[in-house]
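In what follows, a single structure is set out as structure tokens and then discussed.
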Amino acid sequence: MSAPAPQLKSTPLNAAHRQLGGRMVDFGGWDMPVQYPTGTLEEHMRTRTHSGLFDVSHMGEIEVRGQDAITFVNRITSNDVTKLVDGQAQYSALTTPQGTVVDDLLVYRFAQDHLLLVVNAGTTEKDWDWISSHLTERAVQLRNASSEYCQIAIQGPDAPGILQSLTQLSLDEIKYYHFREGAVDGVPAIVSRTGYTGEDGFEVYAAADKAEQLWNKLLDTGNFGTSAGVLPCGLAARNTLRLEAGMSLYGHEIDETTTLLEANLGWICKLNKGEFEGREALVRQKETGVSRRLVGFEVIARGIARDDQDVLISGERLGKVTSGSPAPFLKKNIGFAYVPVQFANEGQDIQIDVRGRAVAAKVVKTPFYKRER
């Protein structure tokens, strides 16, 4: 007799997604909407042209407190935490001794003795174990606060205006990768100018039991149901939006087999900041050079590249697609792939093995899409 399927985790917005007709799927052990009745294409386009609403409450939140909080987090992450000021966030990575990626994450600085680490949903438990196992500083307290938070992202050109009508915080004063604490619809919240779509917008963190209030209020305020109103968006649109914007996804472009330098993430790899996990390996790799590199590509023949398909160069199987999809806004078929470094040049001709057919593509500059400022 086979073992029963494990119970899926759910966010505080699970009932709201079902009420809206969300098509639910198992996403790394979470019951999440992949799309709504309007469809992925419309969700993607509405986010680019007006606004999209995303439930990202499945992400993990780990609090780090104590007088050695900055020293500790600086030692286990690749970016330089000492450069942060109160109210600022940074993109970073937890790295192994080999310089590969345990997870990518955001580090929020509230005060010198208070940081918040926001990690990926499917790796929260692994990250917690990894972080806890590296704790040697006595003046640091860790707490996995993931279940206490909801996280809702509103993204797109109309997003600032929609959110501004619900808060007395001056959103114009919040720079990219900065945040403020204040009330949204009367609910105490963290309002962060961050996102995973390539658009302007905000991520709102609040108590889990306030999730439905905030979600419904944002839909109402954003004129949900009208042709230019906010649309709730599922995982599929979130994926195509981040791919167009040239953003890596853990488990695809980065994982424990890829180094930060191979993944073009040297910019979050501060080798001069002092010792951190994986620094020596990354210094060596920088000196000797990488043997492969992540590239963006555009399919120029008929066909759609998909994850895990082989990349052929001069007939040889020399690489692998990490993410491949149609790009709805650009009206192209695009993707990421790892290829030998000598072929990682803009304009390089490659082919993608699409179900046994060699489909022509070329290496292009990323991000594929960049919003007008």
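Readers should treat all values here as calculations from the given coordinates under stated rules, not as data from a laboratory. Owing to the predicted nature of the structure, the values given are computational and were not obtained by experimental measurement. All Cβ positions, even for glycine, are placed from backbone atoms using ideal geometry, and neighbour counts span all protein chains on display.
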Ranked PHE72, PHE329, criterion: other C-beta atoms within 10 Å, fewest first: PHE329, PHE72
GNM flexibility winner over the chain from ALA228, ALA237, ALA89 (Cα, springs under 10 Å): ALA228
Residue order, fewest to most beta carbons within 10 Å, for VAL118, VAL85: VAL85, VAL118
Residue-averaged 222 nm ellipticity for the chain, from DSSP H runs of 4+ at -39500 (n - 2.57), nearest 500: -5500 deg cm²/dmol
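Filter LYS331/LYS365; LYS9/LYS332; LYS83/LYS331; LYS320/LYS370 down to the pairs with a C-alpha to C-alpha distance above 28 Å, please.
With Cα atoms farther than 28 Å apart: LYS9/LYS332; LYS83/LYS331.
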Note, ³J(HN,Hα) from phi for the range 284-289, Karplus 6.51, -1.76, 1.60, rounded to Hz, x at Gly and Pro: 4, 5, 5, 5, 8, x
Unit charges on C-beta of K, R, D, E only; dipole of the chain, Debye: 920 debye
Percent antiparallel among DSSP beta bridges (both partners in the chain, rounded to 5): 95 percent
Ascending count of other beta-carbon atoms within 10 Å, so fewest first, for GLU372, GLU199: GLU372, GLU199
Charge context of GLU199, other residues only, Cβ under 15 angstrom, K/R +1, D/E -1: +2
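Below 15 angstrom from the Cβ of GLY186, what's the summed charge of the other residues (Lys, Arg +1; Asp, Glu -1)?
-3
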Charge dipole magnitude, Cβ of K and R +1, D and E -1 - the range 291-373, Cα centre, debye nearest 20: 300 debye
Those aspartates and glutamates that a straight Cα-Cα span of less than 14 Å connects to LYS126, excepting residues fewer than 8 apart in one chain: GLU61, ASP103, ASP104, ASP255, GLU256
The chain: radius of gyration and largest Cα-Cα distance (Dmax), Å: 20.8, 61
For the chain: relative contact order, % (alpha-carbon pairs under 8 angstrom, 6 or more apart): 17 percent
In the range 174-290, lysine pairs closer than 26 Å at Cα, eight or more apart or cross-chain: 6
